[in-house]
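Structure first, commentary second.
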Amino acid sequence: MPSRQPSYSAGKINARRRNPDLPTGDVHHDANNWFQSSAVEQHPVTFKNIYEMQVTANVFLPKDSTETVFPALIIGAPIGAVKEQAANLYAIKLAEQGFVTVSFDQSAWGGSNGALRNAIAPILYAENFSAATDYLTTLDCVANDRIGLIAIGSAGGFALNALKIDARIKALATINLTDMGAIVREQRDALGGNALIEESSRSRTLEIAGQATTYAHGVPEELDENSTDIEREFYDFYRTQRGAANSTLHPTRTTFTKLLDFYPLRDLETITERAMLFVVGEEAWSRHFSEAAFASANESKQLLTVKAAGHVDLYDRIALIPFSELTQFFTKNL
């Protein structure tokens, strides 16, 4: 490897692991969120975004390669998740294929800075993809003109916004892209009037006066007879041994409404000279977002449908995740 290596942060590697006290969860199709590989080196790192906020990350390097300079991939975890939930798995599997990869905690989540924990900050989330790009350009082992991005679930919306303003990201693959702005606007409309906004506004007044921070509904802590299929799907990953890690999945009530003004599927035609791959589960409830984004993009684009896969299936079910096709896409386009 070249002399300039990643600047490793202090701390224990893989500090967050499977919790044996939780239910096992559904591990069909080789579900393995906690996958490890002897062919990959993993190191904890930190870097700062343009606002001088520290971001906590992992960098993965291919072992025993004859190459000295590699293409690189940034892996974005779903909103509210930490890098140990789906992102590390993708990072390790792609590092096995010869990419330097980076997974990270978004600002205010996991180990990354942000005084208001669990805050929703769409602009910061997009910025952190650019900050990860900044970090990769400091490494001699990375080809600066060969940096791509994989965004899982709701990270896809933030990644699209990053591509709109950062030409250094040369290719993007989204995995069951989810437009969180559209979802929250649907919730607002279902409640009628401005109930969601009024609730958030009241919370701000109470919290600035000293009341404890309150949180919006996220992934449920328990299931009951009224739980929806989507809630059950997310619970089986985030609240079981399958994928539970150091993340509550409950955003702050005062920042949840920031998503009302988030429109990631607009202006996709402005993303030029970059390739985009939209991976979608055939049975995913979120499928329409990928199909809409694919229809709007007017440059090099692909839509890949994974048979018999739902939304969360593509977080960790190794037998379903199209790692071979992802490798081919980035090998061709980086």
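Regarding the range 44-60, can at least one residue be identified that is within 13 Å of the chain's Cα centre (by Cα) and either surrounded by 18 or more Cβ atoms within 10 Å (Cβ to Cβ) or at positive phi (or both)?
yes
Looking at the range 64-71, can you tell me whether even one residue there is of a type in the set (Ser, Thr, Tyr) and crowded, with 19+ Cβ neighbours inside 10 Å?
Within the range 64-71, none of the residues are of a type in the set (Ser, Thr, Tyr) and crowded, with 19+ Cβ neighbours inside 10 Å.
Pull up the range 130-162, narrow it to residues that are assigned to a helix (DSSP H, G or I) and polar (S, T, N, Q), then point me to the one that is farthest from residue 278 (Cα to Cα).
The residue in question is 137.
What is the residue count in the range 297-330 for residues that are surrounded by 14 or more Cβ atoms within 10 Å (Cβ to Cβ) and in a helix (DSSP H, G or I)?
Adding up the residues that qualify gives 10.
Is it the case that the range 187-197 has a residue that's farther than 26 Å from residue 30 by Cβ, assigned to a strand (DSSP E or B) and basic (Lys, Arg)?
There is no residue in the range 187-197 that is farther than 26 Å from residue 30 by Cβ, assigned to a strand (DSSP E or B) and basic (Lys, Arg).
Show the residue pairs meeting these rules: Cβ distance below 6 Å; 6+ apart or different chains; first residue within the range 243-255 and under 27 Å from residue 318 (Cα atoms); second residue among the β-branched types (Val, Ile, Thr).
Every condition considered, the pairs that remain are 245/82; 246/82; 247/82; 249/219.
Assuming residue 183 fulfils every condition listed in (1) buried (at least 21 other Cβ atoms within 10 Å of the Cβ); (2) within 27 Å of residue 302 (Cβ to Cβ) apart from one, which condition is it?
Residue 183 satisfies every listed condition except (1).
Take residue 91 and tell me if it is touching a Phe, Trp or Tyr at 6+ places or on another chain (Cβ under 8 Å), part of a helix (DSSP H, G or I), surrounded by 23 or more Cβ atoms within 10 Å (Cβ to Cβ) and modelled with pLDDT of 95 or more.
yes
With the checklist (1) surrounded by 20 or more Cβ atoms within 10 Å (Cβ to Cβ); (2) closer than 23 Å to residue 270 by Cβ in hand, flag the one item residue 123 doesn't pass.
(1)
Just to be sure I understand, how many residues within the range 97-129 are touching a Phe, Trp or Tyr at 6+ places or on another chain (Cβ under 8 Å), within 15 Å of residue 56 (Cα to Cα) and outside any loop (DSSP other than H, G, I, E, B)?
The number of residues fulfilling the criteria is 8.
Any idea which residue in the range 263-295 is nearest to residue 73 (Cα to Cα), counting only those that are buried (at least 22 other Cβ atoms within 10 Å of the Cβ) and aromatic (Phe, Trp, Tyr)?
278
Can you tell me which residues in the range 245-261 are crowded, with 21+ Cβ neighbours inside 10 Å, over 15 Å from the mean Cα position of the chain (by Cα) and in a loop (DSSP other than H, G, I, E, B)?
251
Is it the case, given these coordinates, that residue 196 is crowded, with 20+ Cβ neighbours inside 10 Å and under 24 Å from residue 160 (Cα atoms)?
Taking the combined requirement at face value, the residue does not satisfy it.
Being on the phi > 0 side of the Ramachandran plot and out of contact with any helix residue (DSSP H, G or I) (no Cβ under 7 Å at 6 or more places or on another chain) narrows it down to one residue among 221, 273; which is it?
Criteria check complete, one pass: 273.
Taking the range 204-239 only, how many residues are in a helix (DSSP H, G or I) and over 14 Å from residue 312 (Cα atoms)?
Selection size over the range 204-239: 5.
Quick check on the range 46-88: of everything there that is among the aliphatic types (A, V, I, L, M), touching a Pro at 6+ places or on another chain (Cβ under 9 Å) and outside any strand (DSSP E or B), which residue is farthest from residue 327 (Cα to Cα)?
Among those residues, the one meeting the criterion is 79.
Tell me whether the range 237-260 contains one or more residues that are modelled with pLDDT of 95 or more and farther than 22 Å from residue 106 by Cβ.
yes
The values are calculated or read from the model by the stated rules, or taken from the named source; none is laboratory data. For clarity, every value in this text was computed on a predicted model and none was experimentally measured. So basically every Cβ, Gly included, is an ideal-geometry build from the backbone, and we count neighbours across all protein chains shown.
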